[in-house]
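Here is the structure we will look at, set down as structure tokens.
All of the numbers you see were taken from the coordinates with simple rules; none came from a lab. Since the model is a prediction, treat every value here as computed from it, not as a measurement. Neighbour counts run over all protein chains shown; Cβ positions are idealised from the backbone, glycine included.
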Amino acid sequence: MILDEEPRKRSASHELGCDLSAISADELLYRITLLEAEILRLKGEIDRKEAGRKAADSLFGPKV
């Protein structure tokens, strides 16, 4: 097998602001999928942290 014919390994990450001109459309779609999954993961963590803060505020907040 010629080295040029070996399948490329996909990058598991994406660097913000990197040059996109040498990346195939399929690879770009793959990166979008990864980034969308990461956005959902980040939003889920925000939701968990806000829920924890609301719970703490209800316990330790000012009693009116």
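Output the peptides 31-40, 12-21 sorted from most to least packed, where packing is the average of other Cβ atoms within 10 Å over each peptide's residues.
Top to bottom by mean Cβ count within 10 Å: 31-40, 12-21.
Quick check: from the Cα gyration tensor, does region 6-64 come out rounded (a/c under 1.5), prolate or oblate? Here region 6-64 falls in the prolate category. Each residue of region 43-55 is assigned a 3J(HN,Hα), and the resulting list reads 5, x, 5, 4, 4, 5, 5, 5, 5, x, 5, 4, 5 Hz, derived from the Karplus form 6.51 cos²θ - 1.76 cosθ + 1.60 (θ = phi - 60°), x at Gly and Pro.
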